[in-house]
Amino acid sequence: LAFASELEAAIAHQEFYLVYQPQLDLTTGALVGVEALIRWRHPQQGVVPPVKFIGIAEVTGLIVPMGAWVLKAACQQVAAWKDGALSQVKVSVNVSPIQLRSAGFHAYVQQVLRETGLAADRLVIELTESAFVHTDDKGTAHLQALKQLGVKLAIDDFGTGYSCLAYLRDIPGDYLKVDRSFVNDVPGKERSEAVTSAIVVLGKNLHYQIVAEGVETQAQADYLKSLGCDLVQGYLYAKPMEAGVLQQWVRDRQ
Ligand code: G
Ligand code: G
Ligand code: MN
Ligand code: NA
């Protein structure tokens, strides 16, 4: 409970910040996007990773104002990058199912796009499969309405949790992110190879762009490329970085 009230205060005290992890085109190596990831600089405990507080933020409802801050800060930052590769990148923002279903989310996305001037098609909203579990017609309509704004949708952590092929079929998604637990085990583990290659084929047939996350080795990258995977993200290329560090990273690789 103490932690929950600290979490609430953290918003007012501006203790959150974002790091950005590059997403690269697997064929050309071009930087095509960044995923924004939240961090909490706790006054006593130092940097707290999101796994330690997202759950509490969801239970307490704090995820709504926190997620609103993330969305705006990420769009502001990306809109501010005016030169080089960063002037074109998309930004992926993780949105909790609770935030997605909260009143006014659609209007807030629209407001952030207007206020920051970011082109709608440069914003990718990442949803985990649990966001779709209670998807009825109304749920899909909600996603369709978001798509009407011009934003892109990504299905995050695909293959774990509540993987449901009907969601994959029905959701108006643009990107399918293969969970890193599969990426970890390829090439070499035959059963993981079977699942990973099937996800890529299925996703491509449904016209998703396939993103592999958690790529750590060149062997993984080569294998994913052989499957026809489109984009990659992982420690092989870059860790999540603060904005200034990312700008330097982009300059260094030119
Ligand atoms: O950055 P890291 O690998 O520690 O992230 C761990 C988990 O926290 C991931 O599942 C990621 O999706 C989630 N996460 C990171 N930032 C955000 C955020 O801004 N909002 C939400 N809802 N989840 C986030
Ligand atoms: O669930 P989501 O994909 O949103 O979370 C991304 C998380 O994965 C972030 O916490 C990020 O720090 C972490 N991450 C990014 N690249 C790698 C990687 O190559 N290996 C591992 N183990 N974690 C990674
Ligand atoms: Mn994600
Ligand atoms: Na993920």
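Bear in mind these aren't lab numbers, they're just calculated from the coordinates by the rules spelled out. Nothing here was measured: the structure is a model prediction, and the numbers come from that model. Note: ideal-geometry Cβ built from the backbone for every residue, glycine included; neighbour counts use all protein chains shown.
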Under the Karplus relation 6.51 cos²θ - 1.76 cosθ + 1.60, θ = phi - 60°, what is the ordered set of whole-Hz ³J(HN,Hα) values for segment 81-91, x standing for Gly and Pro? 6, 9, 10, x, 4, 5, 6, 10, 5, 8, 10
Quick one: net charge around residue 92, please, counting Lys, Arg +1 and Asp, Glu -1 for every other residue with C-beta under 12 Å from its C-beta. -1
About its Cα centre, how strong a charge dipole does the chain have in debye, to the nearest 20, once Lys and Arg get +1 and Asp and Glu get -1 at the Cβ? 400 debye
Please give, to one decimal in nm, the separation of the simple spin-label points placed at residue 205 and residue 60, each 7 Å out from Cα toward the Cβ. 4.6 nm
Kirkwood Rh over alpha-carbon pairs of segment 38-87 plugged into Stokes-Einstein at 4 °C, 1.567 mPa s gives a D in µm²/s of 103 µm²/s
What spacing in nm lies between the two simple spin-label points modelled at residue 47 and residue 82, each 7 Å away from Cα in the Cβ direction? 2.9 nm
Summed over the other residues with a beta carbon less than 14 angstrom from that of residue 44, with K and R at +1 and D and E at -1, the charge totals 0
Work out, in µm²/s and without decimals, the Stokes-Einstein translational diffusion coefficient of segment 81-223 at 10 °C, 1.306 mPa s, Rh from Kirkwood over C-alpha pairs. 98 µm²/s
Give me the extension gain from residue 165 to residue 12: residue separation times 0.36 nm, minus the current Cα-Cα distance, reported in nm with one decimal. 51.0 nm
Calculate, in whole percent, how much of the Cα-Cα pair population of the chain lies beyond 31 Å. 23 percent
